[in-house]
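One structure below.
Where a number appears in this text, it was derived from the coordinates with a stated rule and is not lab data. For clarity, every value in this text was computed on a predicted model and none was experimentally measured. Positions of Cβ are backbone-derived with ideal geometry, glycine not excepted, and every protein chain shown enters the neighbour counts.
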Amino acid sequence: MSWIDLEKCFNRAIAYSFSKKKWLLAFMALVLCGILIVFCRAAAFGACDWVAMSLAFLPILLSSGILLSLGVMLVRIYSHETKNLTLPMRRLVAGSMDIVLGTLYLSLPPILIYLMLWIVLGFFYLLCTLPGIGDFFSIVLAFAPFLLILSSLFLCLFNLGLLFFVAPAVGLQSLKRLGAAQRVVILLKGQIFTGLALFFIALVPIALIVGLLSLAAILTNVSFLVAEHSLSVALEWFFIMIPFSAILAPVVVFFFNFAAECHWLLQRRSQTVVSH
């Protein structure tokens, strides 16, 4: 794999990122994810720190299932586009529904792990509220909440990796409950550095756009939004979320297009290594 190959894959992924039909699919999925985030944000308004912390990470992990299903569908569409196959979008989406629904189980383990971490974190919050000795526990055991929150952040990063590596592995081949993870492991065997490098390259555009959109949303919240009730907060963020999702949709399409390109690159590189 050379720099020229990587540049061609990157440029082709961008070129196929501005389809109206794919934008609509991505937009609808992002709106669903946004509704989850808005609902959790409204529920966390005025809640205790433990509940607010859980509702900060939970919608991200729940959204991974939606995005993984979206990614599988976009990868299948992209595969047809690059081969110049003219298959109607409705027929392609309908034919992908079994595979899309079958990917939902892949997002369950991170959610279950996070719920366990949340319960353990609640135990430490409880210790800190004990009269007389609560301050002692909050000082001596400060490392435990730190490690639990750090683990939650790693789960979110793991879910991003799941979207990047598993979506093309499932979308470009048939779905097998034990086969998807095995195919990814075999693909990355001996080329973990290359896979991680491609993964972080794919994250750069989406990180830049999400950063700009988040900064704009935060500044809007600071200078304009004045809601004092959870319902008002939910409505305000819902109407912000709609243009947020519309702008982010092409970047999400590019992310999965590039994931498919990287999957093909890693496959070719793996076959070249084996042949030598």
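Some points to look at:
- Taking Arg269, Arg41 and counting other C-beta atoms within 10 Å, the order from fewest to most: Arg269, Arg41
- Its relative contact order, with pairs defined as Cα atoms under 8 Å and 6+ residues apart, puts region 3-275 at 35 percent.
- By the helix-only formula, in which each DSSP H run with n ≥ 4 contributes -39500 (n - 2.57) and the sum is divided by residues, the chain has a 222 nm mean residue ellipticity of -29500 deg cm²/dmol.
- Computed from Cα atoms, the angle from the helix 179-188 axis to the main principal axis of the chain rounds to 80 degrees.
- Peptide packing: for 115-121, 29-35, 62-68, the average count of neighbouring Cβ atoms within 10 Å per residue gives the ranking 62-68, 29-35, 115-121, highest mean first.
- Lysine pairs in region 3-275 whose alpha-carbon atoms fall under 23 angstrom of each other, counting only those eight or more residues apart or on distinct chains, come to 7.
- Shape analysis of region 3-275 yields a ratio of the Cα radius of gyration to the Kirkwood radius, Rg/Rh, of 1.02.
- Degrees separating the helix 108-128 axis from the principal Cα axis of the chain, which is the longest one: 20
- Build a GNM of the chain with springs between Cα atoms under 10 Å apart, and of Ile139, Ile247, Ile209 the one that fluctuates most is Ile139.
- Residue exposure sequence - His263, His80 - by fewest surrounding Cβ within 10 Å: His80, His263
- Seen against the Cα atoms of the chain and their longest principal axis, helix 3-15 is set at about 70 degrees.
- Listed from fewest to most Cβ neighbours within 10 Å, the set Tyr125, Tyr78, Tyr105, Tyr114 follows the order Tyr105, Tyr125, Tyr114, Tyr78.
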